[in-house]
Amino acid sequence: MSIIYSARSRLVWPLVMWRRSLAEGAVDAWLAGQRVVGSSQSCLPGVVLARVVLPDATPPPAAAPVATGPAVGGLPEGVVPWSGGREGDGPQELSVTVLAGGGMGGRPSDPCWEGYQSEARSEPDRVVVTVHRFRSRVPLAKDHACARIGRTWNVVVPLPDELGGRPVVDGATGQPKPVAEGPLISDWLPFGWVQQTEPGSRGALWQREYEPVPVGRPSPSDARVPRIAKDGPLLLGPANHVTVAAVPPALLETWDRRPGTRAVASVLVRGMRAAVDWSEADRLVTLRWREGDRAYVVVGHGSDGADLRDVQALVVSLARSLRRPCEPPPPIETWAPHDPSGTARPDQSRCR
């Protein structure tokens, strides 16, 4: 039943039967807030259709997207400033460095343990990255104290979306921080080796250290790496660790160069000519090369008594497996250097 209010009679007229087309048209027009037009107007004198005004239903602005790193447990102990921001291995990931105490890398059951969790908030004109520190829930024994030595610790920061050229702000200080281009990824490492740290020093834009998994301890940069039991083998080879760094081109020839270093050869790495230097006194083999506005240095630290020719072979193999995160991986097994000759130039068609 439809009910129409008449302005002329002030009465309510129940209309039980009407032409279907007229009824449907009147209802549609009424709902749309428009006056009925056509021949039906003459049949309904004095009919007034009122426009219904609904309140504004515009939803409130959405909250800024937030992404957090893996939960670490423990008791929250505030936020800490970070430095050394650099792009991660994926399009929505950063890595930052904090100054940590002696309990880093331990377990939450250790009273001196400390952990770090990242939080990234995406805003229209910036991305705010905050690092939260946590401490162990286990109380410290009486008359005991935890070492507050300053050591660098790297925290992975998942992002809710890509940076898109926006500045990155430290949530602890409110200050914008520079973010370096993503480090090169190694597609090959000697058996049992992992990335251990990402220190930044002596003017390097970024720096990565690779070495065998330490006995009974996880990697400071990535707690997901497997542990080796205390009675497991020590995976030593001609080198005990390798450093990969990006430096300003002006520092290419001098960065980490020791007294007595001599040039011994040149090899092809990533399609570029790399100089090979030896330092017998320090048991170091160093590769240096430049790619446009980028310069790279790879340093192999030889084990005691190792032949530097073997150290060089390891360093060259690792250097030839390096690629930028935006470069597609080689279409072969990742356990072997993808370009033994070093002559192929990297495919940067996906790079920014």
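Does at least one position in the stretch 176-192 carry a residue that is assigned by TED's automatic domain parsing to the domain that holds Gly102 and without any contact (Cβ under 8 Å) to a residue 40 or more places away in the chain?
No, every residue in the stretch 176-192 fails to be assigned by TED's automatic domain parsing to the domain that holds Gly102 and without any contact (Cβ under 8 Å) to a residue 40 or more places away in the chain.
Would you please name the residue that is farthest from the chain's Cα centre (by Cα), looking only at residues in the stretch 80-92 that are part of a strand (DSSP E or B) and buried (at least 17 other Cβ atoms within 10 Å of the Cβ)?
The selected residue is Val80.
If you scan the stretch 152-184, which residues turn out to be closer than 18 Å to Ala295 by Cβ, of a type in the set (A, V, I, L, M, F, W, C) and either in a strand (DSSP E or B) or modelled with pLDDT under 85 (or both)?
Result: Ala180, single match.
Just the residues that are in contact (Cβ under 8 Å) with a residue 40 or more places away in the chain, crowded, with 17+ Cβ neighbours inside 10 Å and of a type in the set (Gly, Ala, Ser), please, taken from the stretch 246-281.
Selection gives Ala246, Ala274.
The values are calculated or read from the model by the stated rules, or taken from the named source; none is laboratory data. Being a predicted model, the structure only gives us computed values, none of them experimental. Note that we place each Cβ from the backbone using ideal geometry, even for glycine, and neighbour counts take in every protein chain shown.
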